[in-house]
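The values are calculated or read from the model by the stated rules, or taken from the named source; none is laboratory data. Here the structure is a predicted model, which means the values were calculated and not measured. Positions of Cβ are generated from backbone atoms using ideal geometry, with glycine treated the same way; all protein chains shown enter the neighbour counts.
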Amino acid sequence: MLYSPGENIGGYTIIRRVGQGGMGVVFEARSKDGARVALKIPHPQLLEDPGTRARYDRELEVSRSLIHPNIQRVVSTGLDEKRALPFLALEWVDGGLLRDFLRSGLPLSVDEATSFGAQLCEALNYCHELGIVHRDIKPDNIIVTKAGDIQLMDFGASLLESAPKITTASLAAALGTPDYMSPEQIEGQRGDVRSDVYSLGAMMYELLTGQPPYRGDNALAVMAQHVQSSPVSIRKKNRQVSSPLEEVVFKAMRRDPDLRYQSMMDMHRDLTNLSTVDATGLSVERMRVANSATTASPDTNIWSRSVPVWAMVLVVVIAAIAVGTLLIGS
């Protein structure tokens, strides 16, 4: 480990390591005035790759511009001159990762899942209004405070609509997370606000059932299902979920972006007014397709869209490179 408790980095004294991910290490630290912060420092070897460095620089650029109660606030940025490593000091939040709430494999309560979903809609709508698409919505990037509020973090994979595309061999870092990736991201597109809508829908599926919508032996298998399969009914796994709530989640997860919610506030409106949601159309059609999958044609299966052979080949190639990059990096 490069850093030890008691070491001073850019005016912050490290207390302990609290987590480590693919991009870097997070420490609890204190500023000179005693304020606690989360100090995020990237892995040195990752910054040698231009694409990964661009992703980190993008997180710095995006995070500094965001001020919202449901987004983790940036306190400062700086450079560890001794090791020539940049760092990001973030507001310390008392709580835990949403991922920790799901480790048991059991669903959250319907009220909790709905509240978290509505809060995320508000945070993401704020980002979208600034031209920022997160592109990596997942329980690992969400903090739940002791008061039961959520805070979104990690904008390393985000898309600035005005920014040039990052081209890098480290595709795994730029794609997102297979369990929640939108079909268009898997097919190699940059994605837009509707990609975040899909990812939030996929994550809410897990909050309500305890499992992600698709499971497989590896990332390739999961990614392929997002493009060509249909998720099992939420109500089959959790009878506490109402038909209108299932309708909202599945509308967010429509494979065709044009058929999803077109904005986070559209989704927020339905999540917070479930009594007004028409739960007859999509749910009936979806159950019909699920019960007669062998006879449903692409035109009648509203969960599918026509996927050309070249697109499926591209999915496999991109996924293979991404997985390979992860393996090499580890």
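If the Cβ limit is 9 Å and pairs must be 6+ apart or interchain, which residue in the range 221-237 that is crowded, with 16+ Cβ neighbours inside 10 Å and outside any helix (DSSP H, G or I) pairs with which residue that is of a type in the set (D, E, K, R) and modelled with pLDDT of 90 or more?
Hits for this filter: SER230/ARG255; SER233/GLU246.
Which ones in the range 65-81 are outside any strand (DSSP E or B) and either surrounded by 15 or more Cβ atoms within 10 Å (Cβ to Cβ) or of a type in the set (A, V, I, L, M, F, W, C) (or both)?
Passing the criteria: LEU66, ILE67, HIS68, ASN70, GLN72, ARG73.
Conditions first: (1) over 27 Å from CYS127 (Cα atoms); (2) surrounded by 14 or more Cβ atoms within 10 Å (Cβ to Cβ); (3) of a type in the set (Asp, Glu). GLU59 passes all but one, so which condition is the exception?
Against the list (1) over 27 Å from CYS127 (Cα atoms); (2) surrounded by 14 or more Cβ atoms within 10 Å (Cβ to Cβ); (3) of a type in the set (Asp, Glu), GLU59 comes up short only on (1).
Among what's in the range 196-220 and is of a type in the set (Gly, Ala, Ser) and within 12 Å of THR177 (Cα to Cα), pick the residue that is surrounded by the most Cβ atoms within 10 Å (Cβ to Cβ).
SER199
Taking the range 252-269, which residues are assigned to a helix (DSSP H, G or I), closer than 16 Å to LEU120 by Cβ and either touching a residue at least 24 places away in the same chain (Cβ under 8 Å) or not acidic (Asp, Glu) (or both)?
Result: ALA252, MET264, MET265, MET267, HIS268, ARG269.
Looking at ASP196, ASP266, ASP270, ASP258 in this structure, which one is of a type in the set (D, E, K, R) and over 20 Å from SER115 (Cβ atoms)?
On inspection, the qualifying residue turns out to be ASP258.
Does HIS43 satisfy being without any contact (Cβ under 8 Å) to a residue 24 or more places away in the chain and not acidic (Asp, Glu)?
Criteria met by HIS43.
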